[in-house]
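Report on the structure given below.
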Number of protein chains: 2
Amino acid sequence: MSCGQNQAMTTSPADKPVGLRERKKARTRAAIQDHALRLFTEQGYAATTVEQIAEAAEVSQSTFFRYFPTKEDTVLYDRLDPVLIEHFLNQPADVGPVAAIRAAVHEVFRGLDEEQAELEAARQRLVLSVPDLRAKLFEQFTEGMRMLHDAILRRLGRERDDFAVRMWTGALTGVVLAAYVTSIEEGGDFLEYIDRGLTQFEQGLPL
Amino acid sequence: MSCGQNQAMTTSPADKPVGLRERKKARTRAAIQDHALRLFTEQGYAATTVEQIAEAAEVSQSTFFRYFPTKEDTVLYDRLDPVLIEHFLNQPADVGPVAAIRAAVHEVFRGLDEEQAELEAARQRLVLSVPDLRAKLFEQFTEGMRMLHDAILRRLGRERDDFAVRMWTGALTGVVLAAYVTSIEEGGDFLEYIDRGLTQFEQGLPL
DNA sequence: AGAAAAAACGACAGCTACTATCAAAAGATA
DNA sequence: TATCTTTTGATAGTAGCTGTCGTTTTTTCT
């Protein structure tokens, strides 16, 4: 019923402090997020109040804001970015950076089951259609750019503030963002657009 | 005293309906924006209320929101993007797209006097330091990406939905954004970073 | 098991960005 | 001057978000 939350890996790998408290917290978080997304798609983002979400999830407003600092975060709380970076860093050292990114993206998105993929698609559509959410999403992208920048630096053994790497990372982020927007506007598989975009990038972005 | 508002060119070029009403509107808009920016830099963005800005500009809150739909827009109301596009389109047809962009950026930013440049710099610093403003700025960048996409299509005579152009534009926007962020973080001339970024882009983004 | 400590919760009050409405004031027009 | 339109201000209201505090629930210690 509830969508799978991958929260367990936030703690250290050795101990498993999955006490009753942790389980209830995870359930509450998932309930809030699920009901929020359902209400948003049913009656629109702006027309849905935090009070309604809290009521549907059977928590108080105080509790809502303890779990999600803003209403927007019920949609944009990003679980995927750190996972992507992790997969990227785990790629073998001899593959090029673009190939490593391609592999990481594939590994993460192919790992979603159909229900998760469906939910993710709905979420993406919602995000791009609501201005406030769009704005925050774009900021997330640039935060991702920064993380990617650090990862690339480490991978290539470059020193900090390498301007060429900065521009390279910026361009690649722009490509991914453009592919993302295109996939929403044109419809179709997100992964395919990313793939084509990365190929263009590898070929030097011919016009 | 008041910073130069280039509002006049929004009307059709033939008539000049610069009546008393129009002049007062321009003055009010400038007053709100100036006092807002001053208060933001003096006491911080979040700590400054709309009420304070309205009081400083000697207008009611109603009037404030008639001029600026949101508090953020006092900082982010962008007058430069359409000007940039216009200059880009006015470049001679035989220069390449990157060179045309470079020329347009130079023309626009070199056209600012020292006071305007100083104000613009303060504005840029403020924008990147406040999360809410950052988010909206990034959205503006992608709107700029869309406008640039259309302009490039027209310039190259391509048909709509050319994937290669989309990726090219996305990458270029990413480069400009990265150069922008770098110029804020590292300090130094904004134009110089843009120039170097565009050069990197022209050279195929070597690592 | 029982007590103490810690964490989570709900209720309430308050601030502020933002919207809607409507009457008064100011500018344009004749 | 008189009329018509645009702009403005006052007021009331909604909703996101914060802070506080007493209560309940869960964990930990003995």
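Remarks
- Filtering region A:45-103 to residues that are of a type in the set (Lys, Arg) and assigned to a helix (DSSP H, G or I) leaves A:Arg66, A:Arg102.
- Candidates B:Leu153, B:Leu148, filtered to the one that is in a helix (DSSP H, G or I) and under 15 Å from the mean Cα position of the chain (by Cα): B:Leu148
- Restricting region B:117-135 to residues that are farther than 20 Å from B:Asp195 by Cβ and more than 14 Å from chain A (Cβ to nearest Cβ), the residue that is surrounded by the fewest Cβ atoms within 10 Å (Cβ to Cβ): B:Glu118
- When residues of region B:156-179 are limited to those that are within 17 Å of the chain's Cα centre (by Cα) and without any contact (Cβ under 8 Å) to a residue 24 or more places away in the chain, the one nearest to B:Arg196 (Cα to Cα): B:Ala179
- Residue in region B:182-190 that is under 14 Å from the mean Cα position of the chain (by Cα) and either touching a residue at least 12 places away in the same chain (Cβ under 8 Å) or under 21 Å from A:Arg134 (Cα atoms) (or both) present: yes
- Any pair with Cβ under 7 angstrom, 6 or more apart, that starts in region B:20-32 at a residue that is more than 14 Å from chain A (Cβ to nearest Cβ) and ends at one that is away from DNA strand C (no atom under 12 Å from the Cβ) and open to solvent by less than 30 Å² (accessible area, probe 1.4 Å): B:Ala30/B:Cys3; B:Ala31/B:Ala57; B:Ile32/B:Ala57
- Listed conditions (1) in a helix (DSSP H, G or I); (2) open to solvent by less than 40 Å² (accessible area, probe 1.4 Å) are all met by B:Leu205, apart from (1).
- Residue ID - nearest to the other protein chains (Cβ to nearest Cβ), chosen from residues in region B:173-207 that are out of contact with any helix residue (DSSP H, G or I) (no Cβ under 7 Å at 6 or more places or on another chain) and small (Gly, Ala, Ser): B:Gly204
- Residue list for region A:39-85, filter: away from DNA strand D (no atom under 12 Å from the Cβ), farther than 30 Å from A:Val98 by Cβ and open to solvent by 40 Å² or more (accessible area, probe 1.4 Å): A:Thr41, A:Glu42, A:Glu58
- Unmet requirement for A:Asp73, which otherwise passes all of (1) within 14 Å of another protein chain (Cβ to nearest Cβ); (2) within 11 Å of DNA strand C (Cβ to nearest atom): (2)
The values are calculated or read from the model by the stated rules, or taken from the named source; none is laboratory data. No experiment lies behind these values; they were computed from the predicted model shown. Cβ: placed from backbone, ideal geometry, glycine included. Neighbour counts: every protein chain shown. To get the accessible areas, we keep the full protein, side chains included, count just its heavy atoms, and leave off ligands, DNA and RNA. Shrake-Rupley method; radii C 1.70, N 1.55, O 1.52, S 1.80 Å.
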